[in-house]
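A short write-up of the structure that comes next.
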Amino acid sequence: MTSLSEFPSRADELRDRLQRVRDRIAAADRPAGTAEPRLIVVTKYFPASDVEILAGLGVRDVGENKDQEAAAKAAELAQLGLNWHFIGQLQSNKAKSVVRYAASVHSVDRLSLVAALGKAMAAEQRRRGGGGLPARPDLHCFLQVDLRADPARAADPGRGGALPADLPRLAEAVAGTPGLVLSGLMAVAPLGGDAGEAFAHLGKLSEHLQADHPGARSISAGMSSDLEAAAAHGATHLRIGSDVLGPRPQVR
Ligand SMILES: *Cc1c(COP(=O)(O)O)cnc(C)c1O
């Protein structure tokens with residue numbers, strides 16, 4: 001990386017950026033009586049060396065959106081004991097790999113993926129048992145919701161996220177699958193829309209979900225540009241990438 005930066009080193013840059021994001025989170029309004037949301041630093045496209053620096057700064061939760069990249073980093077940094085959150089669209093055939101390293105999947109959006117994750121968890125438990133390894137904890141599952149209005153969805157169906165109407169069935173499936181825990185909901189604010197409105201909608205959907213699944217209290221919402229709006233509407237997990245790491249490289 002060429003250094004045109006105001007910072008003497010990458011470590012200084014990450015320390016400074018991380019502190020600014022932590023200060024924003026601490027200062028953000030949130031519903032009365034709720035805890036400060038948990039920061040997940042989204043490290044996609046950035047090297048394992050950055051994740052290592054962040055771990056040294058106290059980061060425990062990191063987010064990745066591609067299995068191949070995440071698996072490699074998680075293997076390289078296994079000794080750090082980080083919580084790896086899978087936040088990207090997930091093909092069912094990657095479930096087997098993801099359950100080897102991920103503490104949670106934030107992008108559960110269809111029944112076939114729930115089935116694949118359940119099967120992969122069962123196989124992973126057998127693998128660990130056979131190898132005399134400790135059992136892995138249950139996989140925390142967030143149901144990803146598509147908060148876009150119908151016309152936007154019709155124009156671009158490929159972004160992931162279940163329709164709000166499909167959440168009850170999906171929730172039942174996760175809750176009924178051994179090895180999976182229903183944590184709550186996840187969403188990305190629709191492009192060009194009002195993030196506050198979107199997250200208010202997500203909060204309502206979370207209330208409905210909790211009526212049937214009282215333990216599913218988590219809300220994963222909020223990115224660099226809209227973390228304050230997410231916190232205001234009860235986000236429990238914030239997924240922050242560029243404001244901690246800097247602009248992502250354009251080419252992979
Ligand atoms: C990349 C990504 C983020 C982080 O976005 P920033 O704008 O860089 O903070 C959050 N959530 C998801 C699902 C992502 O893919």
Condition broken by ALA221, with the remaining ones in (1) within 19 Å of the chain's Cα centre (by Cα); (2) within 14 Å of the ligand (Cβ to nearest atom); (3) open to solvent by 10 Å² or more (accessible area, probe 1.4 Å); (4) free of Cβ contacts under 8 Å to residues at least 40 places away in the same chain satisfied: (3)
Output for segment 102-115, where each listed residue is among the aliphatic types (A, V, I, L, M) and under 21 Å from ALA74 (Cα atoms): ALA102, ALA103, VAL105, VAL108
Candidate set: segment 10-32, residues that are in contact with a helix residue (DSSP H, G or I) (Cβ under 6 Å, 6 or more places away or on another chain) and over 17 Å from HIS233 (Cβ atoms); chosen: the one surrounded by the most Cβ atoms within 10 Å (Cβ to Cβ): LEU14
Search result, residues across segment 230-252 that are within 13 Å of the ligand (Cβ to nearest atom) and open to solvent by less than 30 Å² (accessible area, probe 1.4 Å): ALA230, ALA235, HIS237, LEU238, ARG239, ILE240, GLY241, VAL244, LEU245, GLY246
Residues that are closer than 12 Å to GLU228 by Cα and part of a helix (DSSP H, G or I), drawn from segment 25-58: ILE25, ALA26, ALA27
Counted residues, segment 42-52 - those being aliphatic (A, V, I, L, M) and open to solvent by 50 Å² or more (accessible area, probe 1.4 Å): 0
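The values are calculated or read from the model by the stated rules, or taken from the named source; none is laboratory data. Here the structure is a predicted model, which is why all the values come from computation and not from measurement. Neighbour counts are summed over all protein chains in view; Cβ atoms, including those assigned to glycine, are modelled from backbone coordinates with ideal geometry. With ligands, DNA and RNA removed, areas are computed over all heavy atoms of the protein, side chains included. Shrake-Rupley method; radii C 1.70, N 1.55, O 1.52, S 1.80 Å.
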